[in-house]
């Protein structure tokens, strides 16, 4: 009987990490390693190094991070840069010490310059200033990307970074302070309906454009690229489609069969106006996204109503 490949998934409780687990568990060729934060704190260097050296996984997918929306990014700036730098450094260097040859690090489209040319190519990284509201998070992610890039070069490793656009899906974060815009829209609309309100309030003017992708497609990309030998080490992961935040809000309302008035709070920031990724490099290696937004958002809404609404 052949030995199962051991894959360590860091961040298995998160939206993307849990999607990766669901996909791997369908294949009996793999043994999936994961630990709760109480047992393995990824910010603790000593414990992370010891765990990886003892377990000796064949591959690592680093989906763990301190994440949040525009409010959290702009108010918890110190913890966003510190915790993400600690997690990334510990897992990436610990993987090297443990002899791990294949690693995927999940970055984010927010690492690109605020006024980047569109659609954004991987080569535009560090070509201009970052968006101020999420600068600490972006800088931490850039550091993780550069760790993977340079460890691959110096130690002949296959460490790659995937940069997904805005994600959504099952097991998302619906915290009012820390959620991203799609789960925030779902929660706002459900809350308004449950309280018999006739409106929702959105930050800014609603015209900022966003590209979104299902967590299932990001998980599939992680698995697809983990062992793939590639000349390039950085890949954008997106759909190539972007729409306004107002459009997404109205589409979600249509899926829920409600029609609420939208009030725009123009005293609040819009964030970056447009950040559409050029994912042609990933496509050249054979990856394609599969989940259309109409299908994906129905799954996300149903997941919120079934599994998260009760926890409010």
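Mind running the shape call on the range 60-159? Use the C-alpha gyration tensor, a ≥ b ≥ c as the square roots of the eigenvalues: rounded below 1.5 for a/c, prolate if a/b tops b/c, oblate otherwise. Don't skip to the end; give the middle numbers.
Working: a/c = 2.58, a/b = 1.41, b/c = 1.82.
Judged from the Cα gyration tensor, the range 60-159 comes out oblate (a/c at least 1.5, b/c at or above a/b).
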Checklist entry - Measuring from a point 7 Å past the Cα of residue 29 along Cα-to-C-beta, which residues in the range 208-225 have an amide N at less than 17 Å? => result 220-225
Next on the checklist: At 222 nm, what value in deg cm²/dmol follows for the chain if DSSP H runs of at least 4 each add -39500 (n - 2.57) and the sum is divided by all its residues, to the nearest 500?
Outcome noted: -12000 deg cm²/dmol
Next on the checklist: Compute the helix-to-body angle for 135-155: its Cα long axis versus the longest principal axis of the chain, expressed 0 to 90° and rounded to tens.
Outcome noted: 20 degrees
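At a 10 angstrom cut-off on C-beta neighbours, averaged per residue, how do the peptides 263-273, 206-216, 51-61, 71-81 rank from highest to lowest?
Details: 263-273: 14.5, 206-216: 21.5, 51-61: 19.5, 71-81: 17.6.
The packing order, highest mean first, is 206-216, 51-61, 71-81, 263-273.
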Item to check | Using alpha-carbon coordinates, inclination of helix 293-303 to the longest axis of the chain, degrees | outcome: 90 degrees
Checklist entry - Roughly speaking, what is the stretch gain from residue 150 to residue 128, that is 0.36 nm per residue apart minus the C-alpha to C-alpha distance, in nm to one decimal? => result 5.8 nm
Checklist entry - Taking the mean number of other Cβ atoms within 10 Å as a proxy for protection, how do you rank 283-289, 29-35 from highest to lowest? => result 29-35, 283-289
Checklist outcome for this item: Cα extents of the range 157-312 per principal axis, largest first, Å, are 55, 33, 25
Checklist entry - What angle do you read, to the nearest 10 degrees and between 0 and 90, between the alpha-carbon axis of helix 215-226 and the longest principal axis of the chain? => result 20 degrees
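Restricting to bridges with both residues inside the chain, how much of the DSSP beta-bridge set is antiparallel, in percent to the nearest 5? List each step's numbers first, then the result.
On the way: 2 of 32 bridges.
Given both bridge residues lie in the chain, the antiparallel proportion sits at roughly 5 percent.
Sorted from fewest to most neighbouring beta carbons within 10 Å, what does the list 109, 152, 95 look like? Working shown, then result.
Values: 109 24, 152 17, 95 28.
Result, fewest neighbours first: 152, 109, 95.
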Checklist entry - With a 10 Å Cβ neighbour count serving as the proxy for reagent exposure, in which order, fewest first, do 247, 112 appear? => result 247, 112
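Classify the range 28-104: rounded, prolate or oblate, from the alpha-carbon gyration tensor (a ≥ b ≥ c, eigenvalue square roots; a/c under 1.5 rounded; otherwise prolate if a/b is larger than b/c)? Numbers along the way, then the final one.
Values: a/c = 2.25, a/b = 1.89, b/c = 1.19.
Because a/c hits 1.5 or more and a/b exceeds b/c, the range 28-104 counts as prolate.
Write down the Kirkwood hydrodynamic radius of the range 267-310, to one decimal in angstroms, obtained as one divided by the mean of 1/r over all alpha carbon pairs. Please report the intermediate quantities before stating the final value.
Details: mean 1/r = 0.0716 Å⁻¹.
Averaging 1/r across every pair of different Cα atoms and inverting gives 14.0 Å.
Can you give the FRET efficiency for residue 244 and residue 201, using 1/(1 + (r/R0)^6), R0 = 22 Å, r = Cβ-Cβ distance, to the nearest 0.05?
Details: r = 16 Å, r/R0 = 0.73.
After rounding, the FRET efficiency stands at 0.85.
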Next on the checklist: Highest mean first, how do 3-11, 223-231 rank when packing is the count of other Cβ atoms within 10 Å averaged over residues?
Outcome noted: 3-11, 223-231
Checklist entry - In whole angstrom, how far apart do the alpha carbon centroids of the range 1-46 and the range 199-261 sit? => result 25 Å
Checklist entry - Calculated from the structure, semi-axes √(5λ) of the Cα gyration tensor in Å equals which of (1) 32, 21, 19; (2) 29, 24, 21; (3) 31, 28, 17? => result (1)
Checklist entry - Based on the alpha-carbon gyration tensor of the range 115-214, what equivalent-ellipsoid semi-axes (square roots of 5 times the eigenvalues) come out, in whole Å, largest first? => result 34, 17, 12
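No value in this document is a laboratory result; all are computed from the given coordinates. This is a predicted model, so every value here is computed, not measured. Don't worry about glycine lacking a Cβ; one is built from the backbone with ideal geometry, like all the others, and counts go over all protein chains shown.
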